[in-house]
1. From the residues in segment 328-356 that are in a strand (DSSP E or B) and either closer than 15 Å to residue 261 by Cβ or touching a strand residue (DSSP E or B) at 6+ places or on another chain (Cβ under 6 Å) (or both), which one is modelled with the highest pLDDT?
2. Mind listing just one residue for me: the one in segment 88-116 that is touching a helix residue (DSSP H, G or I) at 6+ places or on another chain (Cβ under 7 Å) and modelled with pLDDT under 90 and, of those, nearest to residue 156 (Cα to Cα)?
3. Would you confirm whether any residue within segment 289-312 is part of a helix (DSSP H, G or I), over 28 Å from residue 353 (Cβ atoms) and either without any contact (Cβ under 8 Å) to a residue 40 or more places away in the chain or not assigned by TED's automatic domain parsing to the domain that holds residue 332 (or both)?
4. Please identify the pairs in which a residue from segment 162-180 that is in the same structural domain as residue 116 (by TED's automatic domain parsing) has its Cβ atom under 7 Å from the Cβ atom of a residue that is surrounded by 15 or more Cβ atoms within 10 Å (Cβ to Cβ) and outside any helix (DSSP H, G or I), counting only partners at least 6 apart or on another chain.
5. Among the listed residues 389, 359, identify the single one that is over 24 Å from residue 228 (Cα atoms) and at pLDDT 50 or above.
6. Mind counting the residues in segment 274-301 that are under 20 Å from residue 418 (Cα atoms) and touching a helix residue (DSSP H, G or I) at 6+ places or on another chain (Cβ under 7 Å)?
7. Determine whether segment 230-238 contains at least one residue that is at pLDDT below 85, within 16 Å of residue 364 (Cβ to Cβ) and in contact with a helix residue (DSSP H, G or I) (Cβ under 9 Å, 6 or more places away or on another chain).
8. Sort out which residues of segment 4-32 are in a loop (DSSP other than H, G, I, E, B) and within 54 Å of the chain's Cα centre (by Cα), and write them in order of number.
C-alpha cells in the first residue's frame with residue numbers, strides 16, 4: 001500500500017486473518033501502518049488461539065501507533081473515556097454528554113446556568129411539577145431513538161431546525177447552541193468526527209418576535225387589581241405573588257433576584273430612602289431542589305433605591321411575615337412539608353399567567369415589568385444608559401448615584417432613580433408628588449453623604 005494512502009494513526013483496512021503455524025501457534029502480520037506522529041511501523045501478533053493472537057496484535061499496534069512525538073496527547077486521543085460509535089443511540093450520547101458537562105461544572109469549568117440550559121434543552125421536565133409543559137420540544141425526545149450517524153446528517157439537522165424554528169424560534173436558537181456543544185464534544189473528546197457536522201451548517205437567523213411591551217398607567221392599575229384582589233384569607237402562599245410582582249415593577253430586577261432577597265438585604269426599610277441589595281437569585285438544581293444561589297444570574301451585585309410606594313408595600317409584607325431576629329431568612333418563601341422553601345421564577349410565570357387570565361393584562365409577564373421600568377427611567381431622564389443601570393446591566397458616570405454609609409461605616413454606591421419610578425405607582429393618577437431633587441436625609445442607616 002502506498003505510503004500516502006495511510007492516514008496517521010489509522011487502523012488497518014484489510015481483514016485481519018490469523019494463520020496457524022508449524023509451532024502450533026497462531027500468527028498475524030507483520031502489518032504495516034503509521035503512528036500518530038507520522039512514522040511507519042509494522043505490528044504483528046501471536047497466541048495459542050485466534051483470540052489471543054488478535055489481542056496480542058492490537059496490544060502491539062497501540063504501542064507502535066503511539067511511538068513518536070506528543071506521546072501524552074496521543075495516548076489521550078487514542079483512548080477516549082467514553083466508548084460510543086456512530087451507530088450508538090443519541091439517547092446514550094446525550095446521557096454521556098450530561099455526565100461530561102456535570103464533571104466540567106464540578107471542576108469549575110462550566111457555569112450552573114449553562115449546565116441547566118443543556119439539561120432543559122435535551123430532557124423533558126418533571127411531569128409532576130405544575131409549571132412543567134408536557135408538549136415542550138426536547139432534543140432527547142425528538143432525536144433519542146436515532147443513531148449518531150443519522151442525526152449527524154446535514155440534511156437532518158437543517159430540516160429539524162427549519163421545522164422547529166418556524167413555530168418556536170427561541171427554542172430552535174437555544175437547541176442549535178446545545179447540539180453544537182454536543183457534536184463538539186463528540187469531535188474533540190470521542191474523535192467520532194474529523195470536523196463537527198454543525199460546522200458544515202450556516203447558523204440560521206431566527207426572527208424572534210418579542211411580545212414584551214411596557215404597561216400603560218391603566219394597565220398597571222389593572223395588574224394590581226388582578227393580583228391584589230385574589231387573596232384567600234390570610235394564606236401566605238396566595239399573597240406573595242402580589243408583593244413580588246410589585247417589587248419587580250418598582251425596581252426592574254429579575255424575578256429570581258427579587259425572590260432571593262433576604263431581610264438583611266433591605267436597608268432602612270422604615271426610613272425615607274429604602275435600599276435593597278440585589279446580590280443573589282433562586283433556581284432549581286437537580287438533586288437539591290429549589291435553592292438560593294449567591295450572585296446574580298448575570299452581572300455584578302448592586303444597590304438600588306426603592307420608590308416610596310413600593311417601600312410602603314414591602315413594609316406591609318414585612319409586618320405580615322417577618323420573624324424578629326431572623327434577618328438571614330428569605331423574604332418570600334412557600335411551605336413544603338411544613339418547611340419554608342425558596343420560590344423559583346417558573347412559579348412567578350405560572351401564577352401570573354393563571355391570575356391574569358381573562359383580564360386586560362393577560363399578556364403581561366415579568367419581562368414586561370422590566371420593560372416598563374426601563375421605558376420609564378429612559379423616558380423621564382432622557383438617558384438610555386440610565387435604564388441599563390437601573391436594570392443592573394451597566395454603570396456610567398452620568399447615572400444618578402448616591403453615596404451612602406451603612407451601619408458598619410462602609411460606602412454604598414446606590415443606583416437612585418426612585419423619583420422617576422414614583423410614576424409607576426399603580427394607584428397614581430400621574431399627578432404624584434416627587435421628592436425634591438438632591439434632598440439629604442439624616443439617619444442611622446443609611447445616611448446620605450452626598451449626591452453625585
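The values are calculated or read from the model by the stated rules, or taken from the named source; none is laboratory data. In this text the structure is predicted, and so the values were computed from the model without any measurement. Neighbour counts run over all protein chains shown; Cβ positions are idealised from the backbone, glycine included.
1. At the first step, the residues of segment 328-356 found to be in a strand (DSSP E or B) are 330, 333-336, 339-342.
Now restrict to residues that are either closer than 15 Å to residue 261 by Cβ or touching a strand residue (DSSP E or B) at 6+ places or on another chain (Cβ under 6 Å) (or both): 330, 333-334, 340-342.
Numbers: 330: 90, 333: 86, 334: 82, 340: 82, 341: 84, 342: 87.
In this case the residue turns out to be 330.
2. Among them, the one singled out is 115.
3. So far as segment 289-312 goes, no, none of its residues is part of a helix (DSSP H, G or I), over 28 Å from residue 353 (Cβ atoms) and either without any contact (Cβ under 8 Å) to a residue 40 or more places away in the chain or not assigned by TED's automatic domain parsing to the domain that holds residue 332 (or both).
4. These pairs meet every condition: 164/137; 165/206; 168/137; 169/206; 171/137; 172/206; 173/206.
5. Numbers: 359 fails: over 24 Å from residue 228 (Cα atoms).
Of 389, 359, the one residue that is over 24 Å from residue 228 (Cα atoms) and at pLDDT 50 or above is 389.
6. Looking only at segment 274-301, we keep the residues that are under 20 Å from residue 418 (Cα atoms), and these are 274-279, 301.
Among the residues that remain, those that are also touching a helix residue (DSSP H, G or I) at 6+ places or on another chain (Cβ under 7 Å) are: 274, 276-279.
Here the count works out to 5.
7. If we filter segment 230-238 for residues that are at pLDDT below 85, which is where we start, we get 230-238.
Going one step further and asking which of them are within 16 Å of residue 364 (Cβ to Cβ), we end up with 230.
Filter once more, keeping what is in contact with a helix residue (DSSP H, G or I) (Cβ under 9 Å, 6 or more places away or on another chain): 230.
Within segment 230-238 (the criterion being at pLDDT below 85, within 16 Å of residue 364 (Cβ to Cβ) and in contact with a helix residue (DSSP H, G or I) (Cβ under 9 Å, 6 or more places away or on another chain)), the answer is yes, since at least one residue qualifies.
8. Step one: of segment 4-32, the residues in a loop (DSSP other than H, G, I, E, B) are 6-18, 21-25.
If the condition is that a residue be in a loop (DSSP other than H, G, I, E, B) and within 54 Å of the chain's Cα centre (by Cα), then 6, 7, 8, 9, 10, 11, 12, 13, 14, 15, 16, 17 are the ones that fit.
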